[in-house]
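The values are calculated or read from the model by the stated rules, or taken from the named source; none is laboratory data. Predicted model, so just to flag it, every value in this text is computed and none were measured. Cβ sites come from the backbone with ideal geometry, for glycine too, and all protein chains shown count toward neighbours. Protein only, heavy atoms only, side chains kept; ligands, DNA and RNA dropped before computing areas. Shrake-Rupley method; radii C 1.70, N 1.55, O 1.52, S 1.80 Å.
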Amino acid sequence: MTKLFEYIDIVLLKLSKLLINIASICLLIWPFIVVLYVILRYFNIANWLFVEEFTEYSLVIFTYFSLAFALREDAHIRIDTIVMHTPENIQKVLNLIINAISFIICGFLFAKSLTWLKDGYIMGSRSHYPSSIILWPIYLIVSIGMIVLTLEFLIKTYRNARDFSSKL
């Protein structure tokens, strides 16, 4: 079982880095597009409606593609204020419980995101903007982000359980 979790951890590390790189590239490019849009709109040269729409979609990319990496780096996914101020043996138990509950909640949200994705695909959901683009690829971003985050919580839960049982 340990080999399986090690393999999942290696795959998740690579996947987390890929997703954070995609989000980072979007984060670097998108402000330039927005600034250019504002300038062109100010001078009545162009009115790119897609900029407002795709700004919303880029926020989905920034958020969901960075979740797993942030969890891996212990950056703002969990709030440890209470856990930090408890004795070490209690911290291990609390971390195990928190990560297990987070895994279950993220698994539930991943399942819901798949329903959203499936419904969007079957019903052919389109944006309400003039571009009327299909929305299931945007929903797919949410599902990808949630499955990677769910698996990261699984790995954290496994590590906490292993560390906890080794101390008994």
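Okay, here's what the table says:
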quantity: Criterion: β-branched (V, I, T), in contact with a Leu (Cβ under 9 Å, 6 or more places away or on another chain), more than 22 Å from H128 (Cβ to Cβ) and open to solvent by 70 Å² or more (accessible area, probe 1.4 Å) - qualifying residue of I82, I25, I10, I45; calculated: I82
quantity: The range 89-110 residues that are farther than 24 Å from Y139 by Cα and among the charged types (D, E, K, R), paired with ones that are surrounded by fewer than 17 Cβ atoms within 10 Å (Cβ to Cβ) and modelled with pLDDT under 90 (beta carbon under 7 Å, 6 or more apart); calculated: K92/D163; K92/F164; K92/K167
quantity: Residue check, S66 open to solvent by less than 50 Å² (accessible area, probe 1.4 Å), of a type in the set (S, T, N, Q) and under 14 Å from the mean Cα position of the chain (by Cα); calculated: yes
quantity: Single match in S66, S58 (criterion: out of contact with any Phe, Trp or Tyr (no Cβ under 9 Å at 6 or more places or on another chain) and among the small types (G, A, S)); calculated: S66
quantity: Wholly within the range 1-96, helices (runs of 4 or more DSSP H) carrying at least 2 residues that are small (G, A, S); calculated: 2-42, 49-72
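The rows are residues; the columns are (1) in contact with a Lys or Arg (Cβ under 6 Å, 6 or more places away or on another chain); (2) open to solvent by less than 60 Å² (accessible area, probe 1.4 Å).
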{"site": "I122", "(1), (2)": "no, no"}
{"site": "H128", "(1), (2)": "no, no"}
{"site": "S132", "(1), (2)": "yes, yes"}
{"site": "L135", "(1), (2)": "no, yes"}
{"site": "L140", "(1), (2)": "no, no"}
{"site": "S143", "(1), (2)": "no, yes"}
{"site": "V148", "(1), (2)": "no, yes"}
{"site": "R162", "(1), (2)": "no, no"}
